[in-house]
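Written out below as structure tokens is the structure these notes cover.
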Amino acid sequence: MAALVADTLEKSFTTGTVRTDVLRGLSIRVDSGELTLVAGPSGCGKSTLLAILSGLLRPDAGRAIALGQDLGRLRARELEAFRLRHTGFVFQGFNLFPALDAVEQVALPLGYLGLSDAEARRRAIAALEEVGLGSRMRLRPRELSGGEKQRVAIARALAKEPQLLFADEPTSALDAGNGQIVIDTLHRIAHTHQATVLCVSHDPRLIAHADRVLAMEDGAILSDSRPNGAEGDSTA
Ligand SMILES: Nc1ncnc2c1ncn2[C@@H]1O[C@H](COP(=O)(O)OP(=O)(O)OP(=O)(O)O)[C@@H](O)[C@H]1O
Ligand SMILES: [Mg+2]
């Protein structure tokens, strides 16, 4: 069973009299244990697709199925619970709290999952060590580089031990070297945790670092490939 399924998704936005058709019958299946990259030009609908597959946004037509759950059948509260339990997010802008050190950034959301302070701290430290920040744990955002901040954000998502990890342009605020470290970190997480990592980006430099690349244009998938191995199969 695919961890994420988009089944003929349609989505358009209307602003005033202008209607933009963003997704036009888009279908994909995404498997666990690998990093799938959706690559395509600015405005082609990548963030919209990610928002629908993660249950943040409802499609106009078609279905989004995550871990076997048809998200369209869940009520708002159920969707909220699903997202809290199973999904982690990494964004372009890191979204860190200026006053908290790295351990606190990562431990804070674990409280919402009902973990004790001690357990949250233990998991936060383990996640920071996993992303290579074992020696930077007491530092606040202004004392960290962009790449380190993004790795704190990844640790924060990872510490929940989510089955689904979504990343929207996680490297676009970073230089090439740090971007590579961040994408490789996401790649490793997919493999070591058997997590489903879905990353969207317009940066073609990430392609070589993904297990599978879905090229998107004008609200549809143009190609499905495996840069370092066998051909992909969008119907698998
Ligand atoms: N809430 C909204 N209201 C109106 N239009 C929207 C809304 N969200 C997205 N759009 C439009 O939908 C189109 C696709 O947007 P989306 O953010 O999915 O693109 P993207 O591929 O992520 O682009 P980028 O690479 O620049 O992040 C754009 O033309 C955008 O203006
Ligand atoms: Mg976007």
Worksheet item: Would you call Phe13 free of Cβ contacts under 8 Å to residues at least 24 places away in the same chain, aromatic (Phe, Trp, Tyr) and within 16 Å of ligand 2 (Cβ to nearest atom)?
Response: yes
Practice prompt. Would you tally the residues in the stretch 18-53 being within 13 Å of ligand 1 (Cβ to nearest atom), within 18 Å of the chain's Cα centre (by Cα) and polar (S, T, N, Q)?
Written response: 3
Worksheet item: Does Leu139 qualify as being out of contact with any strand residue (DSSP E or B) (no Cβ under 7 Å at 6 or more places or on another chain), in a loop (DSSP other than H, G, I, E, B), free of Cβ contacts under 8 Å to residues at least 40 places away in the same chain and surrounded by 20 or more Cβ atoms within 10 Å (Cβ to Cβ)?
Response: no
Item to complete: Mind counting the residues in the stretch 209-233 that are in a strand (DSSP E or B) and small (Gly, Ala, Ser)?
Response: 4
Practice prompt. Just give me the residues in the stretch 110-138 being at positive phi and within 21 Å of the chain's Cα centre (by Cα), in sequence order.
Written response: Gly132
Worksheet entry | Hits in the stretch 22-44 (condition: of a type in the set (Gly, Ala, Ser) and within 13 Å of ligand 2 (Cβ to nearest atom)) | Ala39, Gly40, Ser42, Gly43
Fill in: From the options Leu206, Leu158, residue that is buried (at least 22 other Cβ atoms within 10 Å of the Cβ) and closer than 17 Å to Gly33 by Cα
Leu158
Worksheet item: Out of all the residues in the stretch 82-130, which are of a type in the set (S, T, N, Q) and in contact (Cβ under 8 Å) with a residue 60 or more places away in the chain?
Response: Thr87, Gln92
Worksheet item: In the stretch 194-208, what count of residues is obtained for those that are part of a helix (DSSP H, G or I), of a type in the set (A, V, I, L, M, F, W, C) and within 16 Å of ligand 2 (Cβ to nearest atom)?
Response: 1
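Every number in this text was worked out from the coordinates using simple rules, so none of it is lab data. Since we're looking at a predicted model, the values are computed, not measured. Using ideal geometry, Cβ is built from the backbone for each residue, glycine included, and neighbour counts are taken over all protein chains shown.
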